[in-house]
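Some notes on the structure that comes next.
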Amino acid sequence: MNRLVKQHQKVSIDLMPTEPTTSRSTRSRLCNAAIGLGAATVLASCASDAPQDTWAPEGKYAQDIHNLQWPIFMIAGIVGLIVFGVITFVVVKFRDRGQPIPEQGHGNALIEYVFIAIPALLLAGIAVPTVAGVISLNDTDDADCVVNVTGQQWWWEYDYPVEADGTICGAQPTGEAAPIITSGQMVIPVDAKVVIRGTSRDVIHSFWVPKLNGKRDMVPGRVHTWNFQAEQPGIYAGQCAEFCGLSHANMRMEIVALDKGDFQAWIDNQLEPYQSPEAGTLAAKGEETFISQCSRCHQVDGLTDADGELVVSAPEQFVWSGAAPNLTNLMTRNTFAGASWDLLTEDAREAVWEASADEFGALYLEGVTKGTLNEIDLKEWLRDAPSKKPMYTDPENLEDTDGKTRGMPYLALSEDQIDELVAYLIERK
Amino acid sequence: MALIEKPAPIAVPDVATPSSSYGVFRRPVESTGWKSWLFTIDHKKLGIMYGAVALFFFLVGGFEALLIRLQLAGPDGTILDADKYNQMFTMHATTMVFLFVMPMAAAFANYFVPLQIGARDVAFPRINAFGFWCFLFGGIFLNTSWILGGAADGGWFMYAPNSSVPFSPTSGIDFWGLGLQITGIASLTGAINLIVTVINMRAPGMSLMKMPIFTWMILVVQFLLLFAIPVITVALFLLMFQRNFDATFFTVEAGADPLLWQHLFWIFGHPEVYILILPSFGIVSEVLPVFSRKPLFGYPLVVFSGAAIGFVGWGVWAHHMFASGLGPISVAVFSVATMAIAIPTGVKIVNWTMTLWGGKLIFTTSMLFAIGLIVQFTIGGLSGVTHAVAPSDTQQTDTYYIVAHFHYVLFGGAILGIFAGLYYWWPKVFGKLLDEKWGKWNFWTMIVGMNLTFGPMHVVGLQGQPRRMYVHTAARNGEGFFNITFWNLVSSIGAFILGIGVLLFFINVVISSRRSEKAPLDPWDARSLEWLTTSPPKEHNFDVIPTVGHLDEFFHLKYEDRGEGDHHDFQQVATAEELIAEQEANADEHIHLPSPSYWPIVLAFALPVMAYGVIYNLLLVPAGAAIALASMFGWSLEPHTASPADYDPPAPEGGAELEVSTNG
Amino acid sequence: MADTAVQVAVDEHGHDDHGHATTTGLSNNKLAMWLFLGSECLLFGGLISTYMLYRGRHSASAGPDQFWDIPFTSASSFVLLMSSLTMVLAVTAAKRKDDRNTRLWLTVTAILGSLFVAGQVYEFTTFYREGLGYTTSLFSSSFYTLTGFHGVHVSIGVIMLLAAVGMILKNRIPGDKAEVVELIGLYWHFVDIVWILIFTLVYLIPA
């Protein structure tokens, strides 16, 4: 291939600016950096009091994670700023100002090795506490309290087993001990290492209460243990964190922490025997309606029918995932339908959620009263649950689920029936 | 309007081959018109088609994204119901990953790898065409689900058992699985083709370490595809058998382990993300040196780090599963491995920065996109390091913080790189430049839009907003003006700005195509061999296959070092125009190109037939298989070049004979 | 015949159909086949892993011990192994341009391969009658899927073998005949090796 020899020629390319690039370009490069910094500043102003804020830990394990996390964020942030700084500098300093073709350098081994060594050392430094953190977070032995947690589309069930020594979640019940089954809000004592044993009845869910710990997947066919330890009484918000279908967004939960005395009171209340409503009241009618309309899926412990037989629910016959929330003491918790709606009116809810650590326990134990009940959402739910919370795409076509529903079906209840049920349910405490 | 210059007429080949095909129809030998596109086996035409279809799907995926952001602009949105939303985010991700980024990389690879290595086509041109049609038919098949009962709704990661029939009864997931099998065939055949091309068809003198860096990155990507696609193939078959033939691979009651799907998917899925990013790394590694007027800093280490990323990338898949109950030892191991992979990635950032250092920087639109990638990808990479720390990841995973991370690396990395490549190589492919002023508007609007959309997601994620939620609600969004509700609105506005930015690209394309000025042969004073061609290149690419003596061979053809010892003084000794003229004067005399064929498109057509059969009527499966079998026979029995009898009227005598060393 | 030019002389230095040298000296087709087989390793790796995970998930009365007929499967494995031998004979015949023997050994290989597939079909129908259906258990689903994929690969191999026989007869193989036979041989040996792995892991090693 012949080489065509030309006279010494400076490079000139038609489309390249031959005069030095204007200050407009410099300004726009600096603009880029400014956007970056501005964004950083703005992003620093976030929500105050976001209930699931992972940077505002309130429990031991969340705090451990945060202690590991924020220095690493700082390092990452500093590295980022250095990179932006260097790029900004380079882009300003070496822009085309009509200089000749630069040195055609191919590299510099020293720079390469230094910039491999630096990140390697940094990462090695990060790796050590990381591994330690992994091991310590996974230590679920020596629990003070064990709760069996089961996720299913689209709510959480809590089963407090009776331990060999007769305690339930570390508390000795005053009366006769029996397993306690609740849903939505998991009540635990403060300063106790609470270990959940979690699984699922259908698809993979994930149990996540950010202020107390990271998340752990709840996988059908497997049992995963995970720790929680609250330091203060209060209510801690959480959400299912593994995509689980239509109402994944409506599958929430809360962990409620009570001090030792309040927790004892809660346990004892949960174990109180069933009390039928007073004869002749709307609530008594509601009890009948409940038996006929609801009890085939929803269990209320101690409920007896007209013949005095205990009513035992059989949700596995009607619901694809096999269970429905136990409503025995519904009004001792203040959310329902997968913690998606409040049982309390707005003001009452705020009072409970915003209560200080000293007042919280007493307020929570009051439960829901006639005066503080959020009738609107509860009645809408009873009227037509699937339209309030998406639960299956085609309620007419239950072929693929063997005729079983997913979640609560539309029951075509009359307004009277709904009023009766509300009157009955408000007494479930 | 023909975008490609009409090639010189092909003369009768002097190698006699079996005279006729066994096809029913005459072999398509047209060199102009729609038939020349439908039956082409020319890597350049295929590259353009890959690019055009990919950009179309980019708009589809973008539209899906805008609907998502509309739904999430405020709390308790009602634009999309839960079911539609689940379909929308599943298809948005699937479309962007499989129908945009991957085929766009294939577009660049198909067009430029042969040119960069001094070859006249890929090793197996008909297989190349087959791959393209598989991609197109697979993408169309996948999207017909929208009107055939609903699209897939299990997320692009399609976890079991949520992907089983009781939890997702429409055929959407079947469309998804089968569609991806079809596009997977495109990726696999493309991988084999490009690896053989790069290994076996380089110009004389081009050792592997003199090969352009883009081709190197593509080579690594093809190896990743070669080994990753079979794994997801297995997963998709298991899912298909589960859903359609009552197998129980993911039925927990029968004893199945849902984590099997996760492992299979992520063993594919993690190399997949390197498949998505490395081509853009390659593009940027080409663009930065050209517009810095100096070579890539540390070329061997950039090559090596690309290979290292490809290799180590196989060992980190379970970092997508840190919360899934793997056990502390696995989690710890994968956590450390994930940190390790940050090192070769960091090397690239250093090398790109050092390429700019001491250069003579020219800020064309392509260069802006390339520098944009460095900045944006760094953000994404650093957030990635924060989730390599497994305990932190248990707070971050499945939140918008992860969504922010991967959009920064995918949009800020892969897509900005793609746009850098589009602006850089457009004049070579189409003979016209894209307008620089519109280009800058395109760039800045996209940068502003991108950061407004995905920047706030870091915050809302860390503050507790999980992903894959069809609504967010005031109760979980916190107090204060700058709460989660506010940042979601900002993200949504940003998304529309980003959409406008993308639109500006297409406006630029239309406006630039209306202009009549032809681009110079070498508008950027580039460095690698694909620029030693006409714009667009002739059908046979090079009149003379160059003998390569250096990395950045094209630069060394134009510039001679007149300095002494350590002092270098590069002076221009030739322009691109002169080099091309010289080539034309010494053009090779015997250039045979393989002829177009319809077997690739016929064979590709058989696949969606079989796929529809699986969903609707099993009789279609053997019918499709029969078409496939017949096509494979027709294909094997067809000679590489058309016989004189295929031309009508008969082929002209004389003219340069074109010869090429290809098979397939 | 007019198409003698088809038989472009190809020496051992890896030229392609048109006699152009490749950069490494390996032929394009051969390199492509090796790469394809590399990807197939991952395919079978995934299927084998699934089987190994699920091999124990069956009821007590419907496990491998109840169904496997090791002598029979050993016999069909031997048949497949022998087919690899005949394949080698076909390749050597092709290399010395002995069309007649190439066709002979290709046909014998195809017959042995078909015998193997027939053996598989017989085996599976027996299992099915004895109560091991596709959906009976995870063990059965994984088993049939793994061996089914292998069987399909063998069947496709048989089709390729017979097609090669036909094409050699009609002199319709473009380019290097010996290489085509060698490539089919590579595929065939790979399928055989996969079977050895499956036979060992699935049949011979107790669950």
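Every number here is computed from the coordinates shown, using simple stated rules; none is lab data. Keep in mind that this is a model prediction, so the values were computed, not measured. Neighbour counts are summed over all protein chains in view; Cβ atoms, including those assigned to glycine, are modelled from backbone coordinates with ideal geometry.
Taking chain B as the reference, fit the longest principal axis to its C-alpha atoms, fit the long axis of helix B:416-430 to the helix C-alpha atoms, and give the angle between the two in degrees, 0 to 90, nearest 10. For B:416-430 against chain B, the angle is about 20 degrees.
Among the chymotrypsin sites (Phe, Trp or Tyr not before Pro) within region A:222-282, those in coil by DSSP and having at most 14 neighbouring Cβ atoms inside 10 Å are A:TYR274. The label-point distance for B:PHE633 and C:VAL88, in a model that sets each label 7 Å from Cα toward Cβ, rounds to 3.3 nm. Taking amide H as placed 1.01 Å from N in the peptide plane, A:MET218 has its amide H under 5 Å from the amide H of A:HIS205, A:SER206, A:PHE207, each at least 5 places away in sequence or on another chain. Look at the alpha carbon pairs under 8 Å that are at least 6 residues apart: their mean separation over the length of chain A gives a relative contact order of 14 percent.
Measuring r between the beta carbons of B:LEU148 and C:VAL152 and using R0 = 35 Å, the FRET efficiency lands at 0.80. Among A:PHE243, A:VAL86, C:LEU26, whose Cα sits farthest toward the positive end of the charge dipole of the protein assembly as shown (+1 at Cβ of Lys/Arg, -1 at Cβ of Asp/Glu, about the Cα centre)? Among A:PHE243, A:VAL86, C:LEU26, the one farthest towards the positive end of the dipole of the protein assembly as shown is C:LEU26.
Using only side-chain charges placed at the Cβ, +1 for Lys and Arg and -1 for Asp and Glu, the dipole size of chain B relative to its Cα centre rounds to 1180 debye. Using the Cβ-Cβ distance between A:ASP384 and C:SER59 with R0 = 35 Å, the FRET efficiency computed as 1/(1 + (r/R0)^6) comes to roughly 0.20. Summary of the geometry: region B:594-630 and region A:239-275, compared by the centres of their Cα atoms, lie 55 Å apart. Between A:LEU282 and B:ASN244, the FRET efficiency estimated from the beta carbon spacing at R0 = 60 angstrom works out to 0.70. 3J(HN,Hα) along region C:135-144, derived from phi through the Karplus expression 6.51 cos²θ - 1.76 cosθ + 1.60 where θ = phi - 60°, amounts to 9, 4, 7, 4, 4, 5, 4, 5, 4, 5 Hz, with x in place of Gly and Pro.
Please compute, over every Cα-Cα pair in the protein assembly as shown, the percentage with a separation greater than 61 angstrom. More than 61 Å apart: 19 percent of the Cα pairs in the protein assembly as shown. A Cβ-based charge dipole, computed about the Cα centre of region B:559-611 with Lys and Arg at +1 and Asp and Glu at -1, lands at about 740 debye. Compared with the dominant Cα axis of chain B, that is its longest principal axis, helix B:125-143 is turned about 30°. Looking at the square roots a ≥ b ≥ c of the eigenvalues of the Cα gyration tensor of region C:18-125, which shape do they give, rounded for a/c under 1.5, prolate if a/b is larger than b/c, or oblate? It is oblate, given that a/c is not under 1.5 and a/b is not larger than b/c.
With Cα atoms defining each centre, region C:103-126 and region A:136-210 are spaced 59 Å apart in the structure.
Over chain A, with a Gaussian network built from C-alpha contacts below 10 Å, which listed residue (A:GLN52, A:GLN317, A:GLN99) shows the highest mean-square fluctuation? The residue with the greatest mean-square fluctuation here is A:GLN99. Here the spin labels are modelled as points 7 Å beyond Cα on the Cα-Cβ line, and at B:ASP588 and A:PHE318 they lie 7.8 nm apart. Taking all Cα pairs closer than 8 Å and separated by 6 or more residues, the relative contact order of chain B comes to 21 percent. Put simply, the Cα atoms of region A:289-429 extend 51, 39, 28 Å along their principal axes, the longest span coming first. Distance from the alpha carbon centroid of region B:482-515 to that of region B:422-465 works out to 8 angstrom.
Between A:GLU346 and A:TYR113, the contour length at 0.36 nm per residue exceeds the Cα-Cα span by 77.8 nm. Among the lysines, select those whose C-alpha is under 19 Å from the C-alpha of A:LYS379, and discard any that sit fewer than 8 residues away in the same chain. Qualifying lysines at Cα under 19 Å: A:LYS285, A:LYS370, A:LYS388, A:LYS389, A:LYS429. Extending 7 Å from Cα along the Cβ direction at C:ASP99 and again at C:ILE70 yields two label points whose distance is 4.9 nm. Positive-end ranking of C:MET167, C:LEU53, C:VAL79 along the dipole of region C:23-204, with charges on Cβ about the Cα centre, is headed by C:MET167. Across region A:247-333, the convex hull enclosing all Cα atoms gives 132 Å³ per residue.
Here's the picture: charge each Lys and Arg Cβ at +1 and each Asp and Glu Cβ at -1 in region C:23-204, and of C:ALA93, C:VAL154, C:LEU115 the one pushed furthest to the positive end of that dipole is C:ALA93.
Calculation over all alpha carbon pairs of chain A in 20 angstrom steps from 0 returns a P(r) of 21, 43, 20, 12, 4, 0 percent. Relative to the dominant Cα principal axis of chain B, helix B:328-356 is inclined by about 40°.
Taking 0.36 nm per residue of sequence separation and removing the Cα-Cα distance, the A:ASP402/A:LEU121 pair yields an extension gain of 95.4 nm. Sorting A:TYR364, A:TYR61, B:TYR647, B:TYR423 from the fewest to the most surrounding beta carbons within 10 angstrom yields B:TYR647, A:TYR61, A:TYR364, B:TYR423.
In a reduced charge model with +1 at each Lys and Arg Cβ and -1 at each Asp and Glu Cβ, region C:23-204 shows a dipole moment near 480 debye about its Cα centre. The C-alpha atoms of region C:23-204 occupy a region whose extents along the principal axes are 56, 34, 22 Å, arranged from largest to smallest.
Per-residue shielding of A:243-256, expressed as the average number of other chain Cβ atoms within 10 Å of the residue Cβ, stands at 5.
Computed over the Cα atoms of chain B, the ratio of the radius of gyration to the Kirkwood radius (Rg/Rh) comes to 0.97.
Remark on A:MET186: its backbone amide H falls under 5 Å from those of A:GLU254, A:ILE255, A:VAL256, a criterion applied only to residues 5 or more positions apart or on other chains, H modelled at 1.01 Å from N. How high is the relative contact order of region C:23-204, in percent, counting Cα pairs under 8 Å that sit 6 or more residues apart? After rounding, I find 34 percent.
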